[in-house]
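The values are calculated or read from the model by the stated rules, or taken from the named source; none is laboratory data. This one's a predicted model, so the numbers in the text were calculated from it and none came from an experiment. Here the Cβ is made from the backbone with ideal geometry for all residues, glycine too, and neighbour counts use every protein chain on show.
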Ligand code: G1P
């Protein structure tokens, strides 16, 4: 195996989901369904489609449903088998065979950097991906695969970025960089959630990273930063001082499904693209937007 092979992905899923309360009071936000699949399954499927074999999910209290989702459900399988629902049965079995799943508990919510550090022993001394499950990337070439491809050429950390509206920079890690090729930037510095007037650019980190194992020794020394949390962005700043780091503009449609409006937009788009729901849902939306106009036309024709 080449030492630049990326086989493992870390999906932090220990957060409290405060942006989605009260839905997330007793249920993990990662299990919110986007049409008919929980959010975290989209990240797992993107990872698998990008060549990842081992998925390390960082969990916490109240997150058991995630483990159950990626485990087999023998009782459910028996029922589906007995009622002749072969298609659903194979879909259920497929979920548990997507990858090798490992779970690490983050006992205290100390921040994204700390969550990633929890995976150190399972990652060991190899490069790995970090994927934030509330960012959904819909792309012909999976978002993470685009980063891994760039990593194999550049060999340093690669951050997935996209341009965001200037007024939204305070929701993201923002890079200060110099463009070296179309869609590829050499990262000089980063800042976590800057005020718009202090942001060095509008290139935002969109929850996809390929990182070298050197990040762990930096994370161990990283002090709490923005919001009193151990920030991955602060560790990345240090790493960028020591070794080349690049930001790759990810090609594809991104949805911030961890936010109520972003989640609704993603739901509408995925429902419209769903072969069995899309046509009827599209009709419903059209009538919903122009209800009186639609009805008037019908009545006029009949009369
Ligand atoms: C995290 C990171 C931030 C990144 C964002 C992408 O923030 O800290 O740098 O831009 O994810 O979604 P969070 O959204 O977890 O507050």
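Here is how the numbers come out for the structure above:
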| read-out | value |
| --- | --- |
| Per-region count, the stretch 117-145, residues part of a helix (DSSP H, G or I), under 29 Å from residue 265 (Cα atoms) and within 16 Å of the ligand (Cβ to nearest atom) | 2 |
| Qualifying residue in the stretch 166-175 (condition: out of contact with any helix residue (DSSP H, G or I) (no Cβ under 8 Å at 6 or more places or on another chain) and either at pLDDT below 95 or farther than 20 Å from residue 129 by Cα (or both)) | yes |
| Count of the stretch 242-258 residues which are in contact (Cβ under 8 Å) with a residue 40 or more places away in the chain and either within 16 Å of residue 42 (Cα to Cα) or away from the ligand (no atom under 15 Å from the Cβ) (or both) | 11 |
| Odd one out for residue 266, checked against (1) away from the ligand (no atom under 15 Å from the Cβ); (2) more than 16 Å from residue 115 (Cβ to Cβ) | (1) |
| Filter pass, residue 167 being under 19 Å from the mean Cα position of the chain (by Cα) and either more than 9 Å from the ligand (Cβ to nearest atom) or on the phi < 0 side of the Ramachandran plot (or both) | no |
| Members of the stretch 199-215 that are more than 21 Å from the chain's Cα centre (by Cα) and either farther than 25 Å from residue 178 by Cα or within 15 Å of the ligand (Cβ to nearest atom) (or both) | 199, 200, 201 |
| The stretch 170-179 - residue that is more than 10 Å from the ligand (Cβ to nearest atom) and in a strand (DSSP E or B) and, of those, surrounded by the fewest Cβ atoms within 10 Å (Cβ to Cβ) | 178 |
| Which numbered condition residue 55 misses (of (1) more than 16 Å from the ligand (Cβ to nearest atom); (2) within 24 Å of residue 161 (Cα to Cα); (3) assigned to a helix (DSSP H, G or I)) | (3) |
